[in-house]
Amino acid sequence: MKFMVALTMMAVTIFGLLIDGHNCKIVQFIFGDSLSDVGNNKYLSKSLAQASLPWYGIDFGNGLPNGRFSNGRTVADIIGDNMGLSRPPAFLDPSLTEDIILENGVNYASGGGGILNETGGYFIQRLSLYRQIELFEGTQTLIKSKIGAQAAEKFFQEARYVVALGSNDFINNYLMPVYRDSWTYNDQTFIDYLMETLQRQLKLLHSLGARQLMVFGLGPMGCIPLQRVLSTSGDCQDRTNKLALSFNKAGSKLMEDLSSKLPNASYKFGDAYDVVNDVISNPDKYGFSNAETPCCSFGRIRPALTCIPASVLCKDRSKYVFWDEYHPSDSANELIARELIKKLGFLRVDETNGPSPAPAIAPSPEE
């Protein structure tokens, strides 16, 4: 009898600890665009920004499309793996539950999304950062109902946050004459507009509990294959790269300011521009053979804009910096992630996570 009483008391104590949030895992909440999307756009039926057809995902798990706009992992995947954090599922995944959120966190990233609500309008459906934050607020309500307000506050304050947007605000907004922003602002005033908006968004996230947060900077987006093929010379677009550098400079200062002013905030800016630029300029130095054209394309018919079953794949995907016209390959994402880990001093708890094995047969390799 004494044993049963003791066992019952222990069970009640453990249950109480769980409800109080003391045993809640540290998880990630990811906000972003197609560089971090893990499947949200699959559930946006009208969205034109999709990674739901082969050969997306060919080097991830079972090799089938999973919503990632790459052949393999995202940068956020790799950083999280190295920190020992679970990979958060897509918010719009219908199987998402409160228990899954408590165990893995949530990814709200959406292909075509931007810091600005107006960005990516021609994709029809996409989740802007403001919309992603609204969805996060809904997540908080669910978790508070599940474990109580006090435990939920602790859970969200101990979580890690990633905000990775900005490239679409230029490539699919400001640099396209069809958008009003392209003729409302000049280069500097548009950067100011982005930073003012991002500052409000990050302060809102802080008010919702985000204490440890990283914002990803932009790479040399003037060198993505789409930008090259649209230029007359095939070279990188210098103005686009200068905009990325200006964004990074302003973003880094914004993170410093917020970290110094917001209570208990550790906000960092992850800038891998220099190393990515060096990879593009000197691919052989990093083990790549091609840094100009996408691995998945229609050969000489470009731009292809997206990767589809009729596309031709390069012979060795690990040797290409870019997977499609917009997005880096798994190998390039690995390099970017390791640079950010090194720069920001993230604890690497798992050195064994390499690229997921590719299926044995690749379609129509390009010689």
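The values are calculated or read from the model by the stated rules, or taken from the named source; none is laboratory data. This structure is a prediction, so every number in the text was calculated from the model and none was measured. Every residue, glycine among them, receives a Cβ derived from its backbone with ideal geometry; neighbour counts consider all protein chains shown. Only protein heavy atoms, including side chains, enter the accessible area calculation; ligands, DNA and RNA are left aside. Shrake-Rupley method; radii C 1.70, N 1.55, O 1.52, S 1.80 Å.
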Cα gyration tensor of the range 53-153, axes a ≥ b ≥ c as square roots of the eigenvalues: rounded (a/c below 1.5), prolate (a/b > b/c) or oblate?
oblate
With angles folded into 0 to 90 degrees, how steeply does helix 2-20 sit against the dominant principal axis of the chain? Use alpha carbons for both and round to 10.
40
Hull shadow area, averaged, the range 75-225 [alpha-carbon convex hull, nm²]:
9.9
Using alpha carbon coordinates only, what is the Rg to Rh ratio of the range 24-348, with Rh defined as the Kirkwood radius?
0.95
Could you work out the helix-only [θ] at 222 nm for the chain, with each DSSP H run of four or more residues adding -39,500 (n - 2.57) and the total divided by the number of residues, to the nearest 500 deg cm²/dmol?
-12000 deg cm²/dmol
Where Lys and Arg each count +1 and Asp and Glu each count -1, what net charge lies around L129 among other residues with Cβ under 11 Å from its Cβ?
0
Report the net charge of residues surrounding N277, where surrounding means a beta-carbon distance below 13 angstrom and charges are Lys +1, Arg +1, Asp -1, Glu -1.
-3
Karplus 3J(HN,Hα) series, Hz, for the range 204-211 with 6.51 cos²θ - 1.76 cosθ + 1.60 (x for Gly, Pro)
5, 4, 4, 5, 9, x, 5, 10
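Tally Lys/Arg at +1 and Asp/Glu at -1 over every other residue whose Cβ is under 14 Å from the Cβ of Y174; what's the total?
Local net charge: -2.
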Pairs to check: K261/K343; K25/K261; K253/K342. Give those whose C-alpha atoms are more than 26 Å from each other in this structure.
K25/K261
When the solvent-accessible surface of protein heavy atoms is calculated with a 1.4 angstrom probe, in what order do L205, L102 fall, highest first?
L102, L205
Calculate how large, on average over all directions, the projected area of the Cα convex hull of the range 212-281 is; give the answer in nm² to one decimal.
4.9
Relative contact order, percent, the chain [alpha-carbon distance under 8 Å, six or more residues apart]
19
Pulled fully out, how much extra length does the chain show between S182 and T232, if you take 0.36 nm times their separation in residues and subtract their Cα-Cα distance?
15.9 nm
For V312, enumerate residues with amide H under 5 Å from its amide H, sequence gap 5+ or separate chain, H modeled in the peptide plane.
S297, F298, G299
With axes computed from alpha carbons, what is the tilt in degrees of helix 330-344 against the longest principal axis of the chain, rounded to the nearest 10 within 0 to 90?
60
Tell me, in nm to one decimal, what length is gained between R131 and S86 on full extension, where the rule is 0.36 nm per residue of separation less the Cα-Cα distance?
13.8 nm
How many nm is it between the label spots at T189 and S259, if each spot is 7 Å from the Cα in line with the beta carbon?
3.2
Nearest 10 degrees is fine. How inclined is helix 238-261 to the longest principal axis of the chain, computing both from alpha carbons?
20
For a quick check of understanding: with a 1.4 angstrom probe and all protein chains in place, what accessible area in square angstrom does E137 have, to the nearest ten?
80
With a 10 Å cut-off between alpha carbons and a GNM built on the chain, which of D330, D99, D77 moves the most?
D99
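For F298 and K144 in one chain, what is 0.36 nm times their gap in residues minus the Cα-Cα distance, to one decimal in nm?
The F298-K144 span can extend by a further 50.5 nm.
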Sparse-neighbourhood loop sites, GluC sites (Glu not before Pro) in the range 222-330 - DSSP loop, at most 13 other Cβ within 10 angstrom
none
Order M195, M176 by their accessible area, 1.4 angstrom probe, all chains in place, largest first.
M176, M195
